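First the structure, in the form of structure tokens, and then the observations on it.
The values are calculated or read from the model by the stated rules, or taken from the named source; none is laboratory data. The model shown is predicted, which means the values in this text are computed figures rather than measured ones. Cβ coordinates were reconstructed from backbone atoms using ideal geometry, including for glycine residues, and neighbour counts include every protein chain displayed.
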Amino acid sequence: GESVGLHLPTLSVQEGDNSIINCAYSNSASDYFIWYKQESGKGPQFIIDIRSNMDKRQGQRVTVLLNKTVKHLSLQIAATQPGDSAVYFCAENIDQAGTALIFGKGTTLSVSS
Amino acid sequence: EAEVAQSPRYKITEKSQAVAFWCDPISGHATLYWYRQILGQGPELLVQFQDESVVDDSQLPKDRFSAERLKGVDSTLKIQPAELGDSAMYLCASSSWGAGNTIYFGEGSWLTVV
């Protein structure tokens, strides 16, 4: 079936570096994408979202890029901090009422100081 | 900041026993979701409610799982009988009704079946 996937299961960076976490999706009907951060033992925490009519959206220290041509989504974290260490999931759905999110497998980000 | 409340946070039960999880969504959120997350994987939808009605329960193992949201507010997810493979985190989430509304998750209920 169609699902959201992530390119790398783990990513290790040094504190202060910029991190890029990638995600590929296969459902061409998906038009709403969300990045979640999940710390150990906790529920997913919303980071940032983007709709398919945009190709870039910025938040505080985070930027999401969407390339619909190749069905690719990325999360950029600027000046990565140890507190950013967590599992990051991208999720997709069709931007209409009543549809649930489909999650990928996640990328574990480890930040060393 | 409003949160999705879940209880219990941790539950250990013997196989074949019954177990129940409770969720109180963010006030005013009409849509409620139950997801299951196996360690190392992304959450997978079990059931979705719109107010008190089930919108999608296609992935809910109905022979042993049941979910209800009788008054359209809080919800209960039950497993009976529990099996070893049910060990996972059960996440509740909620959102306002409508396209593209952010879905907020609770802290989850960890289940260990022994």
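Residue check: A:Val64 meets all listed conditions (1) out of contact with any Lys or Arg (no Cβ under 6 Å at 6 or more places or on another chain); (2) over 29 Å from B:Gln59 (Cα atoms); (3) of a type outside the set (Gly, Ala, Ser) but one, namely (1).
Total residues in the stretch A:9-45 satisfying the condition of being of a type in the set (Phe, Trp, Tyr) and more than 10 Å from the chain's Cα centre (by Cα): the figure is 2. Looking only at residues in the stretch B:1-23 that are in contact with a Ser or Thr (Cβ under 8 Å, 6 or more places away or on another chain) and over 18 Å from B:Ile79 (Cα atoms), which one is surrounded by the most Cβ atoms within 10 Å (Cβ to Cβ)? This residue is B:Val4. Going by the conditions given, is B:Asp63 away from every other protein chain (no Cβ under 14 Å), without any contact (Cβ under 8 Å) to a residue 24 or more places away in the chain and on the phi < 0 side of the Ramachandran plot? Here the answer is yes, as B:Asp63 does meet what is asked. Confirm whether B:Asp57 is in contact with a strand residue (DSSP E or B) (Cβ under 9 Å, 6 or more places away or on another chain), free of Cβ contacts under 8 Å to residues at least 12 places away in the same chain and more than 8 Å from chain A (Cβ to nearest Cβ). Here the answer is yes, as B:Asp57 does meet what is asked.
Taking A:Gln14, is it in contact with a Gly (Cβ under 9 Å, 6 or more places away or on another chain) and modelled with pLDDT of 95 or more? When the stated conditions are applied, A:Gln14 does not pass them.
A search for C-beta distances below 7 Å between a residue of the stretch B:91-114 that is more than 21 Å from A:Cys90 (Cβ to Cβ) and any residue that is acidic (Asp, Glu) and at pLDDT 95 or above, counting only pairs 6+ apart in sequence or on different chains, returns B:Leu111/B:Asp86; B:Val113/B:Glu83; B:Val113/B:Asp86; B:Val114/B:Glu14.
Scanning the stretch B:36-50 for residues that are without any contact (Cβ under 8 Å) to a residue 24 or more places away in the chain and closer than 21 Å to B:Trp97 by Cβ, we see that the one that is surrounded by the fewest Cβ atoms within 10 Å (Cβ to Cβ) is B:Leu45. Note on the stretch B:1-40: residues that are of a type in the set (Val, Ile, Thr) and either within 11 Å of chain A (Cβ to nearest Cβ) or in contact with a Pro (Cβ under 7 Å, 6 or more places away or on another chain) (or both) total 3.
Out of the residues in the stretch B:66-114 meeting the condition of being among the aliphatic types (A, V, I, L, M) and more than 14 Å from chain A (Cβ to nearest Cβ), tell me which one is nearest to A:Pro44 (Cα to Cα). Checked the stretch B:66-114; the qualifying residue nearest to A:Pro44 (Cα to Cα) is B:Leu77.
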